[in-house]
Amino acid sequence: MYLDPVGNGVWSASTDTRYSFGGGVAGAIPVTGDWTGTGKTKIGIYANGVWYLDLNGNGAWDGTPTDGLYSFGGGLTGAVPVTGKWVATLPDTGQTTCYNSSGSAISCTGAGQDGSFIINPLSYTDNGDGTVTDNVTGLLWQQCTNGLSGGGCAAGTTTNLYTWSQAVTLCASLSLAGTSWRLPTDFELITIVDYGQ
């Protein structure tokens, strides 16, 4: 396998990588993916329903359990391997209070309620260009409501309410961070709601 980590589309022995992975496996199809959830893409091969995955990222087959050997898709005529991130990483809800059956606040210790758990807390990076990056989902957001700017989004005014079609048009006209913009999906929008506020 020849990999282009520089991303320039040109092979260079000094900057690109050549791996010998899966040699001798008839019909091997190269695959890539983040097999271990570290955020780093690794290589593998797929042949006749068997996945050989380079879990430690060294570019060589080290056998199990160092590397992964999985059966998935065997016996399916014409099966084509696909890889991807199938489970979304969701941020914590921000809920920190627990309640009893009467609706009174109680200690969250041992309550087993949402407020008892903090998993993937809300976290953002100010990109310094009017946008913030959600460190949990990786989504890029406009930092201030339209019409506001500055530290804490305190400068300016915003009194506009938009119809759906006006909001679509407004997002399409944004030029923040040199990228194109769109309205978030319902799913994307709920990832920034802090239910503890």
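Is it true that THR109 is without any contact (Cβ under 8 Å) to a residue 40 or more places away in the chain, assigned to a strand (DSSP E or B) and more than 30 Å from TYR52 (Cβ to Cβ)? Reasoning before the result, please.
On the way: without any contact (Cβ under 8 Å) to a residue 40 or more places away in the chain: yes; assigned to a strand (DSSP E or B): no; more than 30 Å from TYR52 (Cβ to Cβ): yes.
Against the criterion (without any contact (Cβ under 8 Å) to a residue 40 or more places away in the chain, assigned to a strand (DSSP E or B) and more than 30 Å from TYR52 (Cβ to Cβ)), THR109 does not qualify.
For the range 24-53, what are the residues that are of a type in the set (A, V, I, L, M) and exposed (fewer than 13 other Cβ atoms within 10 Å of the Cβ)? Full working, then the answer.
Within the range 24-53, the subset of a type in the set (A, V, I, L, M) is 25-26, 28-29, 31, 43, 45, 47, 50, 53.
Correct list: ALA26 only.
In a loop (DSSP other than H, G, I, E, B), of a type in the set (S, T, N, Q) and in contact with a Pro (Cβ under 8 Å, 6 or more places away or on another chain): which single residue out of THR36, THR66, THR89, THR15 fits that description?
Details: THR36 fails: in contact with a Pro (Cβ under 8 Å, 6 or more places away or on another chain); THR66 fails: in contact with a Pro (Cβ under 8 Å, 6 or more places away or on another chain); THR89 fails: in contact with a Pro (Cβ under 8 Å, 6 or more places away or on another chain).
On inspection, the qualifying residue turns out to be THR15.
Go through the range 119-138 and give me each residue that's surrounded by 14 or more Cβ atoms within 10 Å (Cβ to Cβ), at negative phi and part of a loop (DSSP other than H, G, I, E, B).
Within the range 119-138, LEU122, ASN127, ASN135, VAL136, THR137 qualify.
Going by the conditions given, is THR145 within 28 Å of the chain's Cα centre (by Cα), part of a loop (DSSP other than H, G, I, E, B) and either surrounded by fewer than 13 Cβ atoms within 10 Å (Cβ to Cβ) or assigned by TED's automatic domain parsing to the domain that holds ALA28 (or both)? Outline the logic, then answer.
Values: within 28 Å of the chain's Cα centre (by Cα): yes; part of a loop (DSSP other than H, G, I, E, B): yes; either surrounded by fewer than 13 Cβ atoms within 10 Å (Cβ to Cβ) or assigned by TED's automatic domain parsing to the domain that holds ALA28 (or both): yes.
It is true that THR145 is within 28 Å of the chain's Cα centre (by Cα), part of a loop (DSSP other than H, G, I, E, B) and either surrounded by fewer than 13 Cβ atoms within 10 Å (Cβ to Cβ) or assigned by TED's automatic domain parsing to the domain that holds ALA28 (or both).
The values are calculated or read from the model by the stated rules, or taken from the named source; none is laboratory data. Only a predicted model underlies this, so the values are computations on that prediction, with no experimental measurement involved. Cβ: placed from backbone, ideal geometry, glycine included. Neighbour counts: every protein chain shown.
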